[in-house]
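Here's the structure we're looking at; comments come further down.
The values are calculated or read from the model by the stated rules, or taken from the named source; none is laboratory data. Keep in mind the model is a prediction, meaning the values are calculated, not measured. All Cβ positions, even for glycine, are placed from backbone atoms using ideal geometry, and neighbour counts span all protein chains on display. Ligands, DNA and RNA are stripped out before the accessible areas are found, and what is left, the full protein with its side chains, is counted by its heavy atoms. Shrake-Rupley method; radii C 1.70, N 1.55, O 1.52, S 1.80 Å.
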Amino acid sequence: MRVCFIQSTFHPFVGGTERQSLQLAQRLIKKGVQVEVVTGRFSDLKKFEVVQGVPVHRVWAYDSHAKRSFLQTLTWLWSAFWFLLFSKSYDIYHAHQALTPAFIAYLIAKLKGKKCLSKIANTQHVGELFILSHSLFGRLMRSFILSMDGFIATSNQAVKELAENKISKEKIAAIPNGVDTEKFKSVKDKKTLRKRLGLPLNKKIVMFLATTTREKGIFELVQAWKTVEAKVSNAHLIIVGKKFNEQELDNLVRKLGLHSIEFLGIHPNPEDFLAASDAFVLCSHAEGLSNALLEAMSSALPIVATKISGTVDLIKDKKNGLLVPPMNTIALSKALLSVLQKPSGWGKAARETIISKYSLDAVVNQYLKLYKNLI
């Protein structure tokens, strides 16, 4: 069986989608599936290389310092279409986002008489189905994308939104994102790990793993942290991910007089920082199914998360974590204080949840079944 993953960015770009697709491709290849990735080529990246065992083809896209733009999207779409049209055929074209990657997958699959499917990566007002209905370019692609052979819904909200778009149940596969439970796990000797990472040894560390965009709730988190810092003298917040809104965030930190927030930027091995932490916070306004949340739960960390799509599938309030309303600074600070001041078994329960339902091996087996049924 030959499967082509189509996505706009791939490793070495580091994000939830990139980590998820790399791990999925690696496991499928071990199961005997021939998986190759077609993605955008930026900066000095090679046109073709094998990345951690996964063959990757990169096609040209306009690169304005790797910033997203409509011109970049159009050039990537054009290049990927022509590359795939004249390259070898695959049994399945699997798009990792139901936007331009899905549009390309649909066109190529129909021209070559093959099958195509798309993962619904996000939901609500940041989701693909919302974007398809609320942007001019999205509306142009919408009818093609919604005619694909199958859809992967990573959350209950994604299933609901697909049904609302009149996608039949037979076309929807409810498959969550998976996590490597051996890679993401707790460690006994946090101090040694912290020393290697340059983290404070005797602090209670809370980790935030995401880009610092407004949709990820970073401004609410910084505001909530003022209360946390005032009441827990040894609390320390580490923020791992690409830093957006840099000037605005720095100004807010200075205005609030905070001294225990550390912006660490992008790191290729988030598992080390998760293992070195004492708790994890996800404060997004909307998500699909957060890979960072899965990884933190697998690392047996007590969780504070906003009550949004995806998180409500994973977190049962006060059983394996705490849920708070999105954009509620007071509730967020109270929950953070709770996980730092009151020891609980939520971290252990969180890992048990992942092992029982969200392990990468279990998810890969669901994909294999889906692929076989599709062809």
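Below is a table of values for the structure above.
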| read-out | value |
| --- | --- |
| Links that overshoot a 26 Å alpha carbon limit, given the list LYS171/LYS319; LYS231/LYS357; LYS316/LYS342; LYS88/LYS169 | LYS171/LYS319; LYS231/LYS357; LYS88/LYS169 |
| Net charge contributed by nearby residues that have their C-beta within less than 10 Å of GLY127 (K/R +1, D/E -1) | -3 |
| Cα gyration tensor, region 302-361 - rounded (a/c under 1.5), prolate or oblate | oblate |
| Rounded accessible area per residue of the chain, 1.4 Å, Å² | 44 |
| Cα gyration tensor of region 143-212 - equivalent ellipsoid semi-axes, whole Å, descending | 42, 13, 10 |
| Convex hull projection area averaged over all views, region 237-306, Cα basis, nm² | 5.3 |
| Farthest toward positive dipole pole in the chain [+1 Lys/Arg, -1 Asp/Glu at C-beta], among ASN320, SER79, LEU249 | ASN320 |
| Cα centroid of region 270-329 to Cα centroid of region 106-129, whole Å | 27 |
| Beta bridge orientation in the chain: antiparallel %, DSSP, nearest 5 | 10 |
| Net charge, ALA210 excluded, C-beta distance under 10 Å - Lys, Arg +1, Asp, Glu -1 | 0 |
| Selected from THR329, GLN341, ILE303, residue furthest toward positive end of dipole (region 290-349; charges at beta carbon) | GLN341 |
| Given charges at beta-carbon only (K, R positive; D, E negative), |dipole| of the chain in Debye | 460 |
| Normalised alpha carbon radius of gyration of region 181-297 [divisor 2.2 N^0.38 Å] | 1.03 |
| Cubic angstrom per residue, convex hull over Cα atoms of region 1-150 | 107 |
| Environment charge at PHE273 (Cβ cut-off 14 Å; Lys +1, Arg +1, Asp -1, Glu -1) | +3 |
| Modelled label reach - VAL253, point 7 Å along Cα→Cβ, region 259-288 residues with backbone N closer than 16 Å | 259-267 |
| Carbon and sulfur %, accessible surface of region 270-328 computed with the full protein complex present, 1.4 Å | 51 |
| Distance histogram for region 250-375 (every C-alpha pair counted, 5 angstrom bins, percent rounded to whole numbers) | 2, 10, 17, 20, 20, 14, 8, 4, 3, 1, 1, 0 |
| Global geometry of region 191-246, whether rounded, prolate or oblate, following the gyration tensor of its Cα atoms and the 1.5 cut on a/c | oblate |
| Portion, in percent, of the accessible area of region 114-247 that falls on carbon or sulfur, probe 1.4 Å | 52 |
| Listed residue (SER168, THR100, ALA230) projecting farthest to the positive dipole end of the chain, Cβ model | SER168 |
| Loop-located chymotrypsin sites (Phe, Trp or Tyr not before Pro) in region 28-115 whose Cβ has at most 16 other Cβ within 10 Å (DSSP) | TYR62 |
| Cα gyration tensor shape of region 74-113, rounded if a/c is under 1.5, else prolate or oblate by comparing a/b with b/c | oblate |
| Calculated diffusion of region 100-151, Stokes-Einstein form, Kirkwood radius summed over Cα pairs, 4 °C and 1.567 mPa s, µm²/s | 116 |
| Above-threshold pairs, the threshold being 31 Å between Cα atoms, out of LYS203/LYS243; LYS112/LYS183; LYS166/LYS318; LYS46/LYS190; LYS30/LYS112 | LYS112/LYS183; LYS166/LYS318; LYS46/LYS190 |
| Spin-label zone in region 138-177 - amide nitrogen under 19 Å from a point set 7 Å from the Cα of ASN365 along the C-beta vector | 173-177 |
| 18 Å Cα-Cα reach of LYS185 towards aspartates and glutamates, excluding residues that sit fewer than 8 places from it in its own chain | GLU271, ASP272, ASP278, GLU295, GLU352, ASP361 |
| Residue-averaged [θ]222 nm for the chain, counting only DSSP H segments that reach four residues, each worth -39500 (n - 2.57) | -13000 deg cm²/dmol |
